[in-house]
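The values are calculated or read from the model by the stated rules, or taken from the named source; none is laboratory data. Remember, predicted model here, so these are calculated numbers, not experimental data. Cβ atoms come from the backbone with ideal geometry, glycine included; neighbour counts cover every protein chain shown. In case anyone asks, the SASA skips ligands and DNA or RNA and just uses the protein heavy atoms, side chains included. Shrake-Rupley method; radii C 1.70, N 1.55, O 1.52, S 1.80 Å.
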Amino acid sequence: MPSQGYRGRFAPSPTGPLHFGSLVSALASWLDARANGGAWLVRMEDIDGPRTVPGAAEDILATLAAFGFHADEPPQWQSRRTGLYRAALDRLIASGHVYPCGCTRKEIADSQLRAHQRNTTLIYPGTCRDGLHGKPARAWRLRVPDDAPASAHGNPALIRFHDRWQGPQQQNLATEVGDFVLLRADGQWAYQLAVVVDDAEQHITHVVRGADLLDSTARQIWLQQCLGVTTPTYLHVPVVMNAEGEKLSKQTGAQALDASRPLEALMDAARHLGLALRHPAPSTLEALQAEAIDAWKRRLAQLPAA
Ligand code: GLU
């Protein structure tokens, strides 16, 4: 159904050139925006100073253009938006949703081993919730609701949402995540804060991205509730794995895309998304795009309804 108000985005981290995994996310977000008659934006998530590679952002923008993806507004750069993140953190300080934390990673890992005798994801035990215990402040954490399974109004720690591709989702923020960091000990803004502030400030209505971020979504929804901003709808597409079964990424050796041969890579990306193209070998980008938009609509019609 066409929606005048639809605003989607592709938000790459410029830690290297665009690879096949990020092409799949770009294609899915672009197709969903176009299939809905909406706007498609690009946001450079260059907030993580130490991981940002000089020149990678420009390279990604040039590759997107070569693949026929043209944003409807000039790209935004997170590194130029830190004032917005500061203002959001100040609001959360004023409303008591965040607190300074003096714990090191090692202290958290040790407490976890003692408490649970398991070592999966690090769940912050809440040591600094009631004060720093004489330690210097290192990071700022967002308080998550306490686990209250027997509550008459439902468990406030349980965040439920419908993912347009993956179906119904839920995560217990208290038992599966714990209070999480918004401003890191090294002074860097955390991805969770930046992405929520930007999605809200850019009036993003539909988030379409890789399923590796499914696990972050409940945190983002809780943060949206703390900030009093609207929650977009979410769609997480299957991630691309390498031959070893690892998520394709710069760290697992993903190859840069060849910007001089966009058609083949786009066909592969469409195949990864399970898109059935009626003409299997369109010879121009425009023809492929038109085919893929129709195929995306048909694909979405097969997915679980909300
Ligand atoms: N910058 C993130 C990444 O490249 C994506 C963030 C998002 O789409 O929410 O993994």
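Details
- Of the residues making up region 191-207, those that are open to solvent by less than 10 Å² (accessible area, probe 1.4 Å) and in contact with a Leu (Cβ under 6 Å, 6 or more places away or on another chain) are LEU193, VAL196.
- Checked against the criterion of being closer than 20 Å to TRP296 by Cβ, at pLDDT 95 or above and outside any loop (DSSP other than H, G, I, E, B), the candidates LEU89, LEU84, LEU64 yield just one match: LEU64.
- Residue-level check: of (1) in contact with a helix residue (DSSP H, G or I) (Cβ under 8 Å, 6 or more places away or on another chain); (2) at pLDDT 90 or above, CYS128 misses just (1).
- So GLY154, is it at pLDDT below 95, more than 30 Å from SER79 (Cβ to Cβ) and in contact with a Gly (Cβ under 9 Å, 6 or more places away or on another chain): no
- Pair list, Cβ < 7 Å and 6+ apart or interchain, from region 123-148 residues that are open to solvent by less than 70 Å² (accessible area, probe 1.4 Å) to residues that are in a loop (DSSP other than H, G, I, E, B) and among the hydroxyl-bearing types (Ser, Thr, Tyr): ARG141/TYR124
- Flag if THR284 is modelled with pLDDT of 90 or more, β-branched (Val, Ile, Thr) and surrounded by 14 or more Cβ atoms within 10 Å (Cβ to Cβ): no
- Enumeration of residues in region 234-264 that are touching a His at 6+ places or on another chain (Cβ under 9 Å), open to solvent by less than 90 Å² (accessible area, probe 1.4 Å) and part of a loop (DSSP other than H, G, I, E, B): PRO238, VAL240, LEU248, SER249, LYS250, ALA254, LEU257
Table: residues versus (1) closer than 18 Å to ALA254 by Cα; (2) in contact with a helix residue (DSSP H, G or I) (Cβ under 9 Å, 6 or more places away or on another chain).
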residue: PHE10; (1), (2): no, yes
residue: PRO14; (1), (2): yes, yes
residue: PRO17; (1), (2): yes, yes
residue: PHE20; (1), (2): yes, yes
residue: LEU23; (1), (2): yes, yes
residue: GLY49; (1), (2): no, yes
residue: ALA56; (1), (2): yes, no
residue: ASP59; (1), (2): yes, no
residue: LEU64; (1), (2): yes, yes
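- When the test is whether a residue is more than 13 Å from the ligand (Cβ to nearest atom), of a type outside the set (Phe, Trp, Tyr) and surrounded by fewer than 17 Cβ atoms within 10 Å (Cβ to Cβ), MET267 does not pass it.
- Of all the residues in region 186-219, those that are in a helix (DSSP H, G or I), within 11 Å of the ligand (Cβ to nearest atom) and farther than 17 Å from VAL24 by Cβ number 9.
- The number of residues in region 41-89 being free of Cβ contacts under 8 Å to residues at least 60 places away in the same chain, within 28 Å of ARG143 (Cβ to Cβ) and polar (S, T, N, Q) comes to 1.
- Residue selected from region 7-29 under the condition part of a strand (DSSP E or B) and more than 9 Å from the ligand (Cβ to nearest atom), by the criterion farthest from the chain's Cα centre (by Cα): HIS19
- The residues of region 71-81 that are surrounded by 18 or more Cβ atoms within 10 Å (Cβ to Cβ) and outside any loop (DSSP other than H, G, I, E, B), listed by number, are GLN76, GLN78.
- Residue that is under 28 Å from MET241 (Cα atoms) and in a loop (DSSP other than H, G, I, E, B), where the choices are ASP46, ASP32, ASP59: ASP46
- Being over 29 Å from GLY83 (Cβ atoms), touching a residue at least 40 places away in the same chain (Cβ under 8 Å) and within 15 Å of the chain's Cα centre (by Cα) holds for only one residue in VAL208, VAL195, VAL237, and it is VAL237.
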